[in-house]
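The values are calculated or read from the model by the stated rules, or taken from the named source; none is laboratory data. Just so it is clear, the model here is predicted, and its values are computed rather than measured. Please note: Cβ atoms are built from the backbone with ideal geometry, for glycine as well, and neighbour counts cover all protein chains shown.
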Amino acid sequence: GVLLGLDACGTVCTAPRIVDLSFILDPLAAEFAQVNIEGAVVAGQELRLFQRGNKRHIDNAVIRYSLSAVLDGLDSERANSMTPIAIERFNLGTIRGTPFGFTDAAALSNGDMVFSAVAEDTEEAFHDGPCVGAGIGIIDDRGRLLSFDRIEGTHKVEGIHARLQGEVLELLLVTDADSREVPATLFSACISR
């Protein structure tokens, strides 16, 4: 991975530094048939990784680590393997026999997490397939799935940004058509809570 230092305003203030993430990723091979981390958020004192499943291995999960322990590991020359605090598995349902899998996530100030998911017709973690549906959901700070709603159309939403403004959740969504000839699309949406 690459580590970037940010100042108080969120501006990059250090040169990029390549980091070895095997100390948190390698232990996950015992938990998942194919490790495929598609999103990461910082919520409170935790780093939460979003594991994406596929048609063969429906392994959607949120993997929680102590943020301070991960940051210490990133500063170490040889960090010891790190066991997650918790692994929470999620079944997001299917559409036409294809399961939904996490594609990205964003943390809200209250600790809740907003995520995007797609149903991609593939049995491999790293091979694209046709997108048959997409959705947006919310998981609370305690790991409970609060909602999951499908999006109209078959846009493959691979990026999400969320901001809570009073009772309105403002979203930015980025698509990936898996083709160099098709540009990504940026959508905005609002959800009343």
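Computed values, structure above
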{"item": "Any hit, the stretch 74-89, residues being closer than 21 Å to residue 128 by Cα and either in contact with a Phe, Trp or Tyr (Cβ under 7 Å, 6 or more places away or on another chain) or aromatic (Phe, Trp, Tyr) (or both)", "result": "no"}
{"item": "Sole residue being free of Cβ contacts under 8 Å to residues at least 60 places away in the same chain and more than 30 Å from residue 122 (Cβ to Cβ), chosen from 45, 51", "result": "45"}
{"item": "Selection count where residues are touching a Gly at 6+ places or on another chain (Cβ under 9 Å) and assigned to a helix (DSSP H, G or I), scope the stretch 9-24", "result": "2"}
{"item": "Whichever residue in the stretch 125-175 is under 20 Å from residue 60 (Cα atoms) and acidic (Asp, Glu) and, among such residues, is modelled with the lowest pLDDT", "result": "128"}
